[in-house]
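Structure first, then comments.
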Amino acid sequence: MIGTSIILIMKTIRQILCYAWILIAVVMTGCSETSSTKIEFVQIEGVNWACNVNSSYATFGAGVESEEALELELPVSDGDLLYMLQDDLEFYCRYSSSLGSRLMISFDTLNAVSVYLNGNLDYMELSEPSNLEAFRLLTDAEVKQLSTLHLQSPISDDLLSVLKTKEAVLSGKGLVVFGDPGSKNFREVLSICQPSFLVVDDLPEPQESSCLSNLEFLWLEGNISALAKLARCCGSLESLIISNWDPLPGELLPLSELSKLQSFTITDSELTSLSLIEYPPSLSSMFLIGCDTLSDIKKLEELADLKRLGFSHCARVAELDPIYDMHSLKWLSFPPGTTQEEFEELTEQSPKLKVAELIGCTEIVNLAPLQNLPDLKGLVLELEQEQLGMLDSLVQLELLILTNEVFEDNPEWVKELREALPNSTIVPGSGICLGSGWLVMLIPFILLFRVLLRHKE
């Protein structure tokens with residue numbers, strides 16, 4: 001009797017241990033993919049063009065086929081910055097999975113350019129006197145809904161005065177600031193808003209570092225000297241975009257002290273080697289875009305655990321050996337000089353790829369290796385139609401972005417492809433390659449884009 005009881009007890013203990021190990025495995029699996037590396041496909045309604053700035057910097061985004069159906073889709077991760085256009089109206093939105101997989105955008109231009117996201121006031125431009133009055137009349141509840149304020153620098157005394165009246169409910173907002181921000185009033189705006197994300201031409205050193213303690217996202221144009229000084233007070237920074245950095249001889253980009261930095265993008269830079277950057281161990285995503293002089297990527301050997309990596313428009317990146325050992329990659333934007341042989345080896349060595357981008361990869365003539373990626377859900381292709389064979393076999397795809405030219409020149413083929421991939425969203429894509437100083441010079445390009453859209457119709 002006692003022996004039977006002992007056996008039952010031992011069986012019970014084994015079952016408990018078994019369930020415990022299963023529970024631990026489930027928890028570890030769930031924890032292995034952080035929100036910043038989990039890739040989602042977001043449907044956007046109400047704009048005619050959008051891009052993920054972190055991964056493309058406007059060089060390639062998704063558009064709509066007609067103005068009658070303002071719907072498109074993009075691959076994103078938590079914390080990525082989305083930039084959207086509806087004719088000459090623009091909208092910046094830092095994506096969060098709490099927003100859901102469908103973003104409904106609407107614009108109100110009656111008194112100020114205001115953008116509603118999923119029915120809530122999310123974004124507002126404050127540049128004209130009428131804008132300020134419209135903002136002044138908002139209730140505290142409406143101001144709390146706002147995620148982002150778009151300001152025109154230099155900051156006027158009137159604007160500063162209006163912001164001060166709402167100071168109690170402005171903390172943690174995002175700021176988009178065009179023009180020279182190097183003024184006392186701008187520093188006061190930072191102090192009032194204590195922004196969670198900031199898009200700015202240049203970053204002046206604030207009088208008090210506490211005003212940047214909430215900063216999670218920074219997009220900085222040009223000069224990085226202020227960033228080096230502010231690294232210690234930006235302890236919450238999770239995502240960083242730097243544009244137009246021309247390294248001086250011996251100059252390093254010091255990111256190692258940004259202990260929470262997960263996503264880093266550098267665009268239109270004269271960077272020649274990744275060894276000029278000091279990386280924090282927290283980094284999980286890195287995109288190099290339009291870095292025409294970049295050739296040395298050996299530093300990637302120390303970043304083997306990256307989940308997202310991109311080299312769009314980096315034509316001199318030729319030695320790809322460091323990428324072959326990055327088996328954890330879920331998103332890869334292939335360098336434009338990738339050969340067919342390298343493409344086959346990279347896909348073989350990156351079995352977890354969920355998003356693949358081939359932007360201007362002229363030497364890739366056969367996409368068949370993509371068939372061996374069971375997790376591949378998103379494919380972004382800036383390729384000629386003759387390079388697109390085998391696409392109809394990728395039944396696992398959720399999103400496929402092809403160029404506008406493919407849509408315009410081969411409408412019947414696109415129709416047949418949609419029939420072959422009924423579970424895939426297939427949308428046209430294009431870029432706005434704005435180059436140096438695009439934050440300042442944005443409006444003329446938006447107007448040009450609007451003309452092109454009308455011409456397309």
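The set of residues from the range 303-317 being in contact with a helix residue (DSSP H, G or I) (Cβ under 8 Å, 6 or more places away or on another chain), assigned to a loop (DSSP other than H, G, I, E, B) and either of a type in the set (D, E) or within 15 Å of I359 (Cβ to Cβ) (or both) comprises just one member, S312.
Can you say whether S259 is within 21 Å of K352 (Cβ to Cβ) and either modelled with pLDDT under 95 or part of a loop (DSSP other than H, G, I, E, B) (or both), as far as the supplied structure shows? Steps first, answer last, please.
Values: within 21 Å of K352 (Cβ to Cβ): no; either modelled with pLDDT under 95 or part of a loop (DSSP other than H, G, I, E, B) (or both): yes.
No, not satisfied.
Keeping to the range 74-91, report how many residues are more than 19 Å from L332 (Cβ to Cβ) and part of a strand (DSSP E or B). Residues that pass the stated criteria total 9.
Are any residues in the range 369-382 surrounded by 14 or more Cβ atoms within 10 Å (Cβ to Cβ) and either at pLDDT below 95 or in a helix (DSSP H, G or I) (or both), and if so, which ones?
Going residue by residue through the range 369-382, those that are surrounded by 14 or more Cβ atoms within 10 Å (Cβ to Cβ) are 369-371, 373, 376-382.
Result: P369, L370, Q371.
For the range 318-334, state whether one or more residues are part of a loop (DSSP other than H, G, I, E, B) and closer than 22 Å to G431 by Cα.
Step one: list which residues in the range 318-334 are part of a loop (DSSP other than H, G, I, E, B), which gives 318-320, 325-330.
Still in the list and also closer than 22 Å to G431 by Cα: none.
No.
Matching residues to (1) in a helix (DSSP H, G or I); (2) surrounded by 16 or more Cβ atoms within 10 Å (Cβ to Cβ):
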site	(1), (2)
L149	no, yes
K164	yes, no
G172	no, no
V177	no, yes
R187	yes, yes
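Taking the range 33-73 as the region of interest, the strands (runs of 3 or more DSSP E) fully inside it that hold 2 or more residues being surrounded by fewer than 18 Cβ atoms within 10 Å (Cβ to Cβ) are 39-45.
Take F343 and tell me if it is aromatic (F, W, Y) and assigned to a strand (DSSP E or B). Spelling it out, it is not the case that F343 is aromatic (F, W, Y) and assigned to a strand (DSSP E or B). Quick one: how many residues across the range 118-133 are touching a residue at least 24 places away in the same chain (Cβ under 8 Å) and either of a type in the set (K, R) or surrounded by fewer than 19 Cβ atoms within 10 Å (Cβ to Cβ) (or both)? Adding up the residues that qualify gives 4.
Remark: pairs (first residue in the range 226-243, within 15 Å of D202 (Cβ to Cβ) and among the small types (G, A, S); second residue at pLDDT 85 or above and not in a loop (DSSP other than H, G, I, E, B); Cβ separation under 7 Å; 6+ apart in sequence or on different chains) = A228/P254; S243/T267.
Close Cβ contacts (under 9 Å, 6 or more residues apart or on different chains) running from residues in the range 348-367 that are touching a residue at least 60 places away in the same chain (Cβ under 8 Å) to residues that are charged (D, E, K, R) comprise K354/K330; K354/D375; K354/K377; V355/R308; V355/K330; V355/K377; E357/E382; I359/E382. Among the candidates K330, K307, which residue alone is crowded, with 19+ Cβ neighbours inside 10 Å and closer than 17 Å to L381 by Cα? Only one candidate passes the filter, namely K330.
The values are calculated or read from the model by the stated rules, or taken from the named source; none is laboratory data. Remember, it's a predicted structure, so these values are computed and weren't measured experimentally. Backbone-built Cβ (ideal geometry, glycine too); neighbour counts: all protein chains shown.
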